[in-house]
Protein chains: 2
Amino acid sequence: MPPREPAHLKPRKQPRQARAVATVEAIYEAAIQVLLTRDASQFTTTQVAERAGVSVGTLYQYFPHRRALLHALSRHYLGRVADQVEAVCAAHHGAPPDRMVEALVGAYWDAKIDRNDVARAVYRSAVAFDSAALMAGFRDRLTTATRSMLQSAPGLTKTGEEAISTILLPVIFGTVREMCEQDPPGLVKAEVRRELVALCTTCLEGRLRPGAFDARASRD
Amino acid sequence: MPPREPAHLKPRKQPRQARAVATVEAIYEAAIQVLLTRDASQFTTTQVAERAGVSVGTLYQYFPHRRALLHALSRHYLGRVADQVEAVCAAHHGAPPDRMVEALVGAYWDAKIDRNDVARAVYRSAVAFDSAALMAGFRDRLTTATRSMLQSAPGLTKTGEEAISTILLPVIFGTVREMCEQDPPGLVKAEVRRELVALCTTCLEGRLRPGAFDARASRD
DNA sequence: ACCTGAACACCGTTCAAGT
DNA sequence: ACCTGAACACCGTTCAAGT
């Protein structure tokens, strides 16, 4: 379980009946749509409620204020991405280092880029209000999962693992974010993804003890 | 000269007298301060005007609406960053490839991280309203400057230059952005910067024609 | 338990009046 | 040429009334 959110951002109450669940789902979906319109300052509770097909009062039954809605939306989405990346990392414990990197970049890339629209909406909402704590928690989860995977790598020293975690994650997070926001043609994205994997792999190989290269040589 | 901005975002009029120039400066400064408060949705014209020590009416004399103010602020700042990077790129035409990379990363890093507060404010304003065109123009300027520098590199083939431009800039932009927003301790930042330069240099070296390594070997 | 929508305070924007 | 601040429309949020 991630840490509880601060009281002022907590959802006001949980839906109990089925139609209430549907209402909350509709509000989330509407929020994403509205966030993706040109001017994010048009993200008004009125707009969201209207698009969700409920009255403002209903929205305020579940979310104490606009920021709480944005917070819940980001939390929901970032949690899912973290789940996916954690699973992939866990599945690659003990794998050859280059496979680890490929898996990590791939998992994060897919989670973000495949739902490009949601990712962009969340990036927007994340700056529209202050979500530093939320993002920090997200980064922590991925950092922990990554480091624990890397620590299981054959031939990677402890200092090598530390150094690499410092640079690897900012590079991956940052590059993927750039792709989400620029949203270039598919071919360019594919090239960037390939190059990113290559870049990170090279970076990792520089940290391996000499003998450990063998684990890789057997592949291509 | 960069391309003209769309009519609806143009500043309403230019200050002519000295006190008017001071007024506009004060508005920019106040806007940055307000953008840096916890909740960016509190970026209200009332707040900005109050902090700048002028009345709302004055603000609206120069900026037709809130978004135009944000746009002008970003434009002003991004223009300065692009100027700096372009100058550094121009100064390194014909330099050894690894010096080029170091200079490029360094120039971009310094421009962003040294004025961390302004950079964060601009990142916020850039998503608060739709600034896709502004950002695209900024990227284009830096891409052009970078490619023209790299084309002058001894031993770099044309396809090598293209491939590297595709990956190099997203990685640098993305990583620096992560650092601006996380704002980790100085030591961590220094390490990330060092590693980023190393990463990009390695990436570049992989594209050089064999003989060209000599240009580097003579350094360390 | 859930939903509604009128009501109030506040912010974006305008404009008539001032120096 | 520049500045002011009251005025109007609209959005965030509440709450009394409904099923």
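Each value in this text was obtained by applying a stated rule to the coordinates, not by laboratory testing. Keep in mind that this is a model prediction, so the values were computed, not measured. Every residue, glycine among them, receives a Cβ derived from its backbone with ideal geometry; neighbour counts consider all protein chains shown.
What the table below lists for this structure:
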item	result
Overall form of the protein assembly as shown per C-alpha gyration tensor (a/c, 1.5; a/b vs b/c)	oblate
Straight-distance crosslink candidates among lysines, where the alpha carbon sits under 29 Å from B:K158 and sequence neighbours closer than 8 are dropped	A:K189
Neighbour net charge for B:M149 - beta-carbon separation under 11 angstrom, K R +1, D E -1	0
Length-normalised contact order for the range A:32-152 - Cα pairs under 8 Å, 6+ apart - percent	34
Rounded tilt (10° steps) of A:97-113 against the dominant C-alpha axis of chain A	20
Approximate spin-label separation B:T58-B:H8, in nm, with each point projected 7 Å along Cα-to-Cβ	2.9
Per-residue ³J(HN,Hα) for the range B:39-50, Karplus 6.51 cos²θ - 1.76 cosθ + 1.60, θ = phi - 60°, Hz, x for Gly and Pro	9, 5, 6, 7, 6, 10, 4, 4, 4, 4, 4, 4
Helix A:132-151 axis, angle to chain A major axis (alpha carbon atoms, nearest 10°)	30
For A:N116, label point 7 Å along C-beta direction: distances to other copies, nm	3.4
Chain A, rotation onto B, residue closest to that axis via Cβ, with its distance in Å	A:G174, 1
Gained length - A:H93 relative to A:H76, 0.36 nm times residue gap less alpha-carbon distance	3.5 nm
Around A:C200: net Lys/Arg minus Asp/Glu count, Cβ-Cβ under 13 Å	-1
Calculated [θ] (222 nm, deg cm²/dmol) that DSSP helices of n ≥ 4 give over chain B, each run adding -39,500 (n - 2.57)	-24000 deg cm²/dmol
Relative contact order, percent, the range A:88-205 [alpha-carbon distance under 8 Å, six or more residues apart]	43
Relative contact order of chain A, pairs being alpha-carbon contacts under 8 Å that are 6 or more residues apart, as %	22
Computed FRET value (nearest 0.05) for A:R51 with A:E205, which takes r as the C-beta separation and R₀ as 56 Å	0.65
Whole-Hz ³J(HN,Hα) from phi, Karplus 6.51 cos²θ - 1.76 cosθ + 1.60, for the range B:5-18, glycine and proline x	7, x, 3, 5, 10, 5, x, 6, 7, 8, x, 10, 7, 4
Overall form of chain B per C-alpha gyration tensor (a/c, 1.5; a/b vs b/c)	prolate
